[in-house]
Amino acid sequence: MDNKENISSPDRDLINTSENYEVKYWSTKFGVSTERLKTAVKAVGNSAAAIETYLEK
């Protein structure tokens, strides 16, 4: 389970697809569907920077 008190790096730089609020936040931030976000996580891992780069392609 995600520790919501840990908001410093690296926790905020990682996307936990097991947490619905994180999926919603990052989907909105990147302007993609939740399924697209989960596909990106499967492709490149849970680093927000890597996912952003992946989604820009």
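The values are calculated or read from the model by the stated rules, or taken from the named source; none is laboratory data. The structure displayed is predicted, hence computed values, not measured ones. For neighbour counting, all protein chains shown are included, and Cβ atoms are generated from backbone atoms with ideal geometry for every residue, glycine included.
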Could you tell me which numbered condition ARG36 fails, if it satisfies all but one of (1) under 15 Å from GLU56 (Cβ atoms); (2) of a type in the set (D, E, K, R); (3) modelled with pLDDT under 95?
(3)
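Residues are listed down the side, and each one gets a yes or a no for (1) at pLDDT below 95; (2) in a helix (DSSP H, G or I):
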position: ASP2; (1), (2): yes, no
position: ARG12; (1), (2): yes, yes
position: SER27; (1), (2): no, yes
position: ILE51; (1), (2): no, yes
Exactly one condition in (1) surrounded by 12 or more Cβ atoms within 10 Å (Cβ to Cβ); (2) among the aliphatic types (A, V, I, L, M); (3) more than 11 Å from the chain's Cα centre (by Cα) is false for ILE15; which is it?
(3)
Can you tell me which residue is nearest to ILE15 (Cα to Cα) among those in the stretch 31-46 that are of a type in the set (A, V, I, L, M) and in a helix (DSSP H, G or I)?
VAL41
